[in-house]
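*Asks:* Here you go, one structure.
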Amino acid sequence: MSDEVFYLLFLFGFYTTTVVTYFAFGYGLTWFNARNPERKIQKGRGSDRRRKAEIRQSLASMFSACLPLTIGLYAQQKGWAPAPWALRWWAAVPLFVLCMFLYDTWFYFMHRLLHTRWLYPLHALHHRSVAPTIWSTYSEDVVDNFLLQSFSAVIVFVVPFPPAILIGHRLFEHFNGMIGHCGFEYFAASTARYPSPLLCTTFHDQHHSSFRYNYGNYFSFWDRLLGTIAPTYDQSVKIFEEDGPPLTLRRAGELADVQEKPD
């Protein structure tokens, strides 16, 4: 089997995996959200009416999200990029964290470019969802998504990450993006606000509602350093952290029925 055929099969296999997990995780998290309505970040505002259009767009956009990874792996295989490092068990976590930091840097500056008047027409589709849902994750122009995800096609020429790190990171980014767009907060904690650089769902949700803040993806480092952090972000996280209602697997009506049943 030629390299070209192998990587075409990999591309379509990875795309299929992305689509299947998109629906499985998407409907699973939607089911969970329906049982925890008080965890909704933008209460009284929703984008569910755009669900069908978002899903249709996502099927195309997910392909453009998978393509850069295949390009990067193909470049390594062909010897156009430096030979990837051998993956040692003790190096897996540090390499993955390094990959996350570099991707977050790429994402932050590319994201800010997409908010300039020259490139925003590519990004505008994604911002039609002011209150994002999990189906908004890939609801974006295919070129917009390709630019954000093209990290995988570029980084192999700079840092020779092992293929397993690149594939693992893309899968992690897939699920992280869906959680970041789900519109419900489950991860508010002191680790998601200053002085920690880590984030929770509120971070990207505020980007959709305010447009001018919170351009990062995994970390708040660049936003804090360059003054683009939403002024209310840390306080909003603290409110959810301290006052967030307990999680439940029952709908509100079901819970009331159980409480009212006599012994």
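Rule-based calculations on the coordinates, nothing more; no lab input. Remember, it's a predicted structure, so these values are computed and weren't measured experimentally. Please note: Cβ atoms are built from the backbone with ideal geometry, for glycine as well, and neighbour counts cover all protein chains shown.
*Asks:* Find, to one decimal place in angstroms, the Kirkwood hydrodynamic radius of region 20-60, where the mean of 1/r is taken over every pair of different Cα atoms and then inverted.
*Replies:* Values: mean 1/r = 0.0865 Å⁻¹.
Result for region 20-60, one decimal place: 11.6 Å.
*Asks:* Here's another thing I want to ask about it. Please work out the C-alpha center-to-center distance from region 1-69 to region 114-176 and express it in whole Å.
*Replies:* Here the two parts' Cα centres lie 12 Å apart.
*Asks:* How long is the gain from Phe175 to Arg128 if the chain were fully straight, where each residue apart is worth 0.36 nm and the alpha carbon distance is subtracted?
*Replies:* Details: separation 47, 0.36 × 47 = 16.92 nm, distance 2.12 nm.
Full-extension gain reported as 14.8 nm.
*Asks:* So, by mean Cβ neighbours within 10 angstrom, what's the order for 225-231, 4-10 with the highest one leading? Write out the running numbers ahead of the final one.
*Replies:* Values: 225-231: 14.3, 4-10: 12.7.
Ranked by mean Cβ neighbours within 10 Å, highest first: 225-231, 4-10.
*Asks:* Measure off 7 Å from each Cα along the Cα-to-Cβ vector at Leu198 and Thr116, then give the distance between these two points in nanometres to one decimal.
*Replies:* Each label point is offset 7 Å from its Cα along the Cβ direction, giving 3.4 nm.
*Asks:* For a quick check: sort Asp234, Asp3, Asp144 by the number of other beta carbons within 10 angstrom, fewest at the front. Don't skip to the end; give the middle numbers.
*Replies:* Details: Asp234 18, Asp3 11, Asp144 22.
Least crowded to most crowded, the residues run Asp3, Asp234, Asp144.
*Asks:* Can you sort Thr133, Thr105, Thr248, Thr116 so the residue with the fewest Cβ neighbours within 10 Å comes first? Spell out each step's value before the answer.
*Replies:* Details: Thr133 23, Thr105 17, Thr248 13, Thr116 9.
Neighbour counts put them in this order, fewest first: Thr116, Thr248, Thr105, Thr133.
*Asks:* Given 0.36 nm per residue, what is the gain on full extension from Ala24 to Asp48 after removing their alpha carbon distance, in nm? Write out the running numbers ahead of the final one.
*Replies:* Working: separation 24, 0.36 × 24 = 8.64 nm, distance 1.75 nm.
Here the segment from Ala24 to Asp48 would lengthen by 6.9 nm.
*Asks:* So if we plug the beta-carbon distance of Phe211 and Phe32 into 1/(1 + (r/R0)^6) with R0 = 22 Å, what FRET efficiency do we get, rounded to 0.05?
*Replies:* Working: r = 28 Å, r/R0 = 1.27.
Calculated transfer efficiency: 0.20.
*Asks:* Next question, about the same structure. Check the chain and count each lysine pair with an alpha-carbon distance under 23 angstrom, considering only pairs eight or more places apart or from different chains.
*Replies:* Working: Lys40/Lys52; Lys40/Lys238; Lys43/Lys52; Lys43/Lys238.
Within the chain, the lysine pair count is 4.
*Asks:* Note down the Stokes-Einstein diffusion coefficient of region 59-128 in µm²/s, whole number, using a Kirkwood radius over alpha carbon pairs, 37 °C, and 0.692 mPa s. Please list the in-between numbers first.
*Replies:* Working: Rh = 14.9 Å.
Rounded, D is 221 µm²/s.
*Asks:* Can you sort Trp106, Trp89, Trp135 so the residue with the fewest Cβ neighbours within 10 Å comes first? Each step should come with its number before you reach the end.
*Replies:* Values: Trp106 19, Trp89 6, Trp135 26.
By the 10 Å Cβ count, ascending: Trp89, Trp106, Trp135.
*Asks:* When the chain is fully extended, how far beyond the present Cα-Cα distance does Asp243 get from Thr17, taking 0.36 nm per residue of separation?
*Replies:* Values: separation 226, 0.36 × 226 = 81.36 nm, distance 3.73 nm.
Residue separation times 0.36 nm, minus the Cα-Cα distance, leaves 77.6 nm.
*Asks:* Could you work out the mean projected area of the convex hull around the alpha carbons of region 69-211, in square nanometres to one decimal?
*Replies:* Working: hull surface 38.0 nm².
About 9.5 nm², averaged over all directions.
*Asks:* Please express the shape of region 3-244 as an equivalent ellipsoid: the semi-axes are the square roots of 5 times the eigenvalues of the C-alpha gyration tensor, given largest first in whole angstrom.
*Replies:* On the way: eigenvalues 173, 87, 60 Å².
Here the semi-axes work out to 29, 21, 17 Å.
*Asks:* Apply the Kirkwood formula to region 18-150: the hydrodynamic radius equals the inverse of the mean of 1/r over all pairs of different alpha-carbon atoms; give it in Å with one decimal. Intermediate values should be presented prior to the final figure.
*Replies:* Details: mean 1/r = 0.0583 Å⁻¹.
With all distinct Cα pairs of region 18-150 included, I get 17.2 Å.
*Asks:* Over all distinct alpha-carbon pairs, what is the Kirkwood Rh of region 142-263 in angstrom?
*Replies:* One over the average 1/r among Cα pairs gives 17.0 Å for region 142-263.
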